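*Asks:* I have a structure here, written as structure tokens, and I will follow up with some questions on it.
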Amino acid sequence: MPESSERGALTEAVFYILLALHKPMHGYGIMQFVSEMSGGRVALGPGTLYGAISTLMEKRWICAVPGIDARKKGYVITGAGREAVKNEIARLKELLKNGRAVLREEEQ
């Protein structure tokens, strides 16, 4: 799961996976959620998804949950994962604020 550990920036795919897991979901459900939420712009392949899931579990940002489907493993976000999402939203707000400020300066 490529992401900048220096800035704490999440990749777009990881951000969407964490959003998806605010309710328990299995892998295929995550892929559908991400595709729908991004208007089809972000499409996760199984390799990307399960690699990210493995890393997110190592970071304890998500955990496995039983009972979604007898044949499919489910996952859900943890408190640490929610904190990562909140931090990313704050980072993105700062980027937007700074970008808008520069554009306003150019328009004057």
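The values are calculated or read from the model by the stated rules, or taken from the named source; none is laboratory data. Since the structure is predicted, the reported quantities are computational estimates derived from the model, not experimental observations. Note that we place each Cβ from the backbone using ideal geometry, even for glycine, and neighbour counts take in every protein chain shown. Areas reflect the complete protein model, heavy atoms only, side chains present, ligands, DNA and RNA absent. Shrake-Rupley method; radii C 1.70, N 1.55, O 1.52, S 1.80 Å.
*Asks:* Consider segment 65-104. How many of its residues are under 16 Å from the mean Cα position of the chain (by Cα) and of a type in the set (A, V, I, L, M, F, W, C)?
*Replies:* Here the count works out to 8.
*Asks:* Restricting to segment 1-36, what's the tally of residues that are over 19 Å from GLY81 (Cα atoms) and at pLDDT 95 or above?
*Replies:* Final tally of qualifying residues: 3.
*Asks:* State yes or no: is ALA43 touching a helix residue (DSSP H, G or I) at 6+ places or on another chain (Cβ under 8 Å), part of a strand (DSSP E or B), loosely packed, with under 14 Cβ neighbours inside 10 Å and without any contact (Cβ under 8 Å) to a residue 60 or more places away in the chain?
*Replies:* So ALA43 does not fit the description; no.
*Asks:* Among the candidates GLU88, GLU83, single out the residue that is within 14 Å of PHE15 (Cα to Cα), among the acidic types (Asp, Glu) and open to solvent by 30 Å² or more (accessible area, probe 1.4 Å).
*Replies:* Residue meeting the stated conditions: GLU83.
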